[in-house]
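*Asks:* One structure, pasted below without further comment.
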Amino acid sequence: MPDLTAQEFTWDDHFWVATVRLASWQGFQSRHGDYASQDTSEPSDGTVKIVISPEGRDKAPLSEPEIELARWAIAHEREMQVSALAALLPHYAALRPEYAEFIEDPLLMPPVVEAEGFKSLIGLHSVNIHQVEKDGRPYVGLEFGCTWDDEHGLGALMHGTRVVEIGGADTAITLWIAERDASQT
């Protein structure tokens, strides 16, 4: 497992945040701007923010179990990516007709038939580690910026490598979605 420590996290007045490089997200859009906006036209080198408890946590020092959940997410980044992008394909196909009348440039939301097609359309902004886990696997929110919706973005909530829900960027940071899923047997 990656050797991520509590010292690598800083309190930014809202969240505990660290920066890591996730190889599986290299080549996608670079989304380090405000509200996950694109910060450069160059592809991402895989650098993303890891955010522990994006909702409902104070600035008390991080615990070792919280760090372990972040380590798990980093160690399983590739499996989470494969699952998230596979689930995004049908979700995206269903969204295209809804956005058709609002998108002036068809290049912002072209047809995508395989996961590789998302590289020029989305970029991972942050990996949000929720304070909820089940069966030893964390709930992790993947927050993206995307070409078709600058305002709401894109988010996927994962339980381990299973996709719980895909929606706007808020899906990645909303604690109650993780709590609801964790309470189901």
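*Asks:* Can you name every residue in segment 133-158 that is within 12 Å of the chain's Cα centre (by Cα) and under 16 Å from M80 (Cβ atoms)?
*Replies:* Within segment 133-158, Y139, V140, G141, L142, E143, F144, L154, G155, A156, L157, M158 meet the criteria.
*Asks:* Right, next: So if I check each of L69, L124, which one is hydrophobic (A, V, I, L, M, F, W, C), part of a helix (DSSP H, G or I) and surrounded by 14 or more Cβ atoms within 10 Å (Cβ to Cβ)? Don't jump to the end; show me each part of the working.
*Replies:* Numbers: L124 fails: part of a helix (DSSP H, G or I).
Testing whether each residue is hydrophobic (A, V, I, L, M, F, W, C), part of a helix (DSSP H, G or I) and surrounded by 14 or more Cβ atoms within 10 Å (Cβ to Cβ) leaves just L69.
*Asks:* Just the residues that are surrounded by 13 or more Cβ atoms within 10 Å (Cβ to Cβ), of a type in the set (D, E) and part of a helix (DSSP H, G or I), please, taken from segment 1-46.
*Replies:* E8
*Asks:* For segment 81-93, indicate whether the set of residues that are of a type outside the set (F, W, Y) and within 25 Å of H14 (Cα to Cα) is non-empty.
*Replies:* no
*Asks:* Against the conditions (1) surrounded by fewer than 17 Cβ atoms within 10 Å (Cβ to Cβ); (2) in a helix (DSSP H, G or I); (3) of a type in the set (A, V, I, L, M), where does V113 fall short? Just the number, please.
*Replies:* (2)
*Asks:* If you don't mind, there's one more thing I want to ask. For residues that are crowded, with 19+ Cβ neighbours inside 10 Å, out of contact with any Leu (no Cβ under 7 Å at 6 or more places or on another chain) and polar (S, T, N, Q), tally how many sit in segment 132-185.
*Replies:* The total comes to 1.
*Asks:* In addition: Taking the stated definitions as given, is R57 surrounded by 13 or more Cβ atoms within 10 Å (Cβ to Cβ), of a type in the set (K, R) and modelled with pLDDT of 95 or more?
*Replies:* no
*Asks:* Quick one: what pairs do we get from segment 153-174, first residue at pLDDT 95 or above, second polar (S, T, N, Q) and surrounded by fewer than 20 Cβ atoms within 10 Å (Cβ to Cβ), C-beta under 8 Å, 6+ apart or different chains?
*Replies:* M158/S83; T161/S83; R162/S83; V163/S83
*Asks:* Restricting attention to segment 2-21, which residues are over 10 Å from L62 (Cβ atoms) and over 20 Å from the mean Cα position of the chain (by Cα)?
*Replies:* Once the filter is applied, which keeps residues that are over 10 Å from L62 (Cβ atoms) and over 20 Å from the mean Cα position of the chain (by Cα), segment 2-21 yields D3, D13.
The values are calculated or read from the model by the stated rules, or taken from the named source; none is laboratory data. Since we're looking at a predicted model, the values are computed, not measured. Positions of Cβ are generated from backbone atoms using ideal geometry, with glycine treated the same way; all protein chains shown enter the neighbour counts.
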